[in-house]
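The values are calculated or read from the model by the stated rules, or taken from the named source; none is laboratory data. Since this is a predicted model, take the numbers as computed values, not measurements. Heads up, the Cβs are rebuilt from the backbone with ideal geometry, glycines too, and the neighbour counts pull from every protein chain shown. Just the protein is used for accessible areas: all its heavy atoms, side chains included, with ligands, DNA and RNA removed. Shrake-Rupley method; radii C 1.70, N 1.55, O 1.52, S 1.80 Å.
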Amino acid sequence: MSDVIDYEIYGSEMQFAEVTLDPGEMVIAEAGAMMYMTNGIKMETMFGDPSQQNQGFFDKVLTAGKRMLTGESLFMTTFSNGGATRQVVAFASPYPGKIIPFHLDELGGEMICQKDAFLCGARGVQISIAFQKKVGVALFGGEGFIMQRLIGDGIVLIHAGGTLLEKTLAVGEIIKLDTGCLVALQPSINYDIGFVGGIKNTLFGGEGLFLATLTGPGKVWMQSLPFSRLAGRVLANAGSKGSKDEGSVLNQLGGLGNMIMGGRE
């Protein structure tokens with residue numbers, strides 16, 4: 001049984017979640033997610049799965065290795081309330097988006113999500129990996145064919161970039177989306193990768209060569225701003241020089257514009 005934690009989500013574009021722990025309760029989080037905590041919270045960095053008691057060294061190494069495959073840190077951080085009164089710890093989203101609460105006991109006890117989506121969760125929730133068995137997904141899955149599997153009956157907080165869309169697919173209903181826009185799905189959803197098709201679409205479409213194909217039944221959560229897309233736009237403009245004429249036609253012409261303007265920045 002997982003700890004029953006209380007939480008409240010604040011903000012709009014850059015959200016953070018405040019988790020209130022009763023005495024003896026614990027919350028698990030990714031390294032670096034903590035925003036602030038009250039004096040009675042004890043923070044501890046752990047190797048292995050904090051939700052499993054008396055875990056042997058080999059099992060800890062195996063758990064850490066699985067986390068490395070999903071691109072996460074070898075360690076997880078636990079925040080526990082060892083005092084006699086209620087204590088608070090807060091976790092912040094890493095980039096603009098929304099924090100989603102998943103009550104696993106209401107979602108069948110298992111969810112599959114993209115790597116880096118997990119923010120924090122109640123003690124008792126197990127974080128493992130979910131291999132996508134199909135070759136197409138493995139080779140062209142975009143954000144990675146190895147996803148996170150969350151198992152348990154507790155509350156988990158997930159982060160999604162941009163605006164969040166939750167959609168329930170009926171039996172046999174199909175939806176296609178950019179591979180990076182997928183946040184989470186129920187295990188009942190069939191996940192595959194399909195070729196966009198068409199020479200013009202491939203060369204000039206700008207949407208990539210492959211799309212994710214999801215087939216119901218089940219729920220799926222999508223994000224409008226994948227981190228890879230945000231990072232790509234930032235890197236593409238990182239080398240540009242700013243000026244007070246930024247945005248003008250001459251400025252957009254680069255070197256030619258500077259020459260016309262007499263080399264003025």
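Considering region 97-126, and only residues there that are open to solvent by 30 Å² or more (accessible area, probe 1.4 Å) and not basic (K, R), the residue that is modelled with the lowest pLDDT turns out to be D116. Out of region 17-35, which residues are open to solvent by less than 50 Å² (accessible area, probe 1.4 Å), in a strand (DSSP E or B) and out of contact with any Lys or Arg (no Cβ under 9 Å at 6 or more places or on another chain)? Answer for region 17-35, where residues must be open to solvent by less than 50 Å² (accessible area, probe 1.4 Å), in a strand (DSSP E or B) and out of contact with any Lys or Arg (no Cβ under 9 Å at 6 or more places or on another chain): A17, E18, V19, A29, E30. Considering region 74-96, the residues that are among the small types (G, A, S) and at pLDDT 90 or above include one that is farthest from K115 (Cα to Cα), namely A84. Applying the criterion of at least 1 residues that are over 19 Å from Y95 (Cα atoms) and β-branched (V, I, T) to the strands (runs of 3 or more DSSP E) found wholly in region 145-196 leaves 146-151, 155-161, 164-169, 174-177, 190-195. Here G161 fulfils each of the conditions (1) open to solvent by 10 Å² or more (accessible area, probe 1.4 Å); (2) at pLDDT below 90; (3) not hydroxyl-bearing (S, T, Y) apart from (1). Residues of region 78-107 that are within 20 Å of the chain's Cα centre (by Cα) and more than 24 Å from Y36 (Cα to Cα): L104, L107.
Note on region 216-237: among residues that are surrounded by fewer than 17 Cβ atoms within 10 Å (Cβ to Cβ) and at pLDDT 85 or above, the one that is nearest to S188 (Cα to Cα) is P217. Residue pairs whose Cβ atoms lie under 6 Å apart, sitting 6 or more positions apart in sequence or on different chains, and linking a residue in region 154-181 that is at positive phi to a partner that is open to solvent by 10 Å² or more (accessible area, probe 1.4 Å), are G162/Q223; G162/S224; G162/L225. T213 falls short of the stated requirement of being at pLDDT below 90, polar (S, T, N, Q), within 30 Å of F118 (Cβ to Cβ) and within 19 Å of the chain's Cα centre (by Cα). Could you tell me whether G40 is surrounded by fewer than 13 Cβ atoms within 10 Å (Cβ to Cβ) and modelled with pLDDT of 90 or more? Criteria not met by G40.
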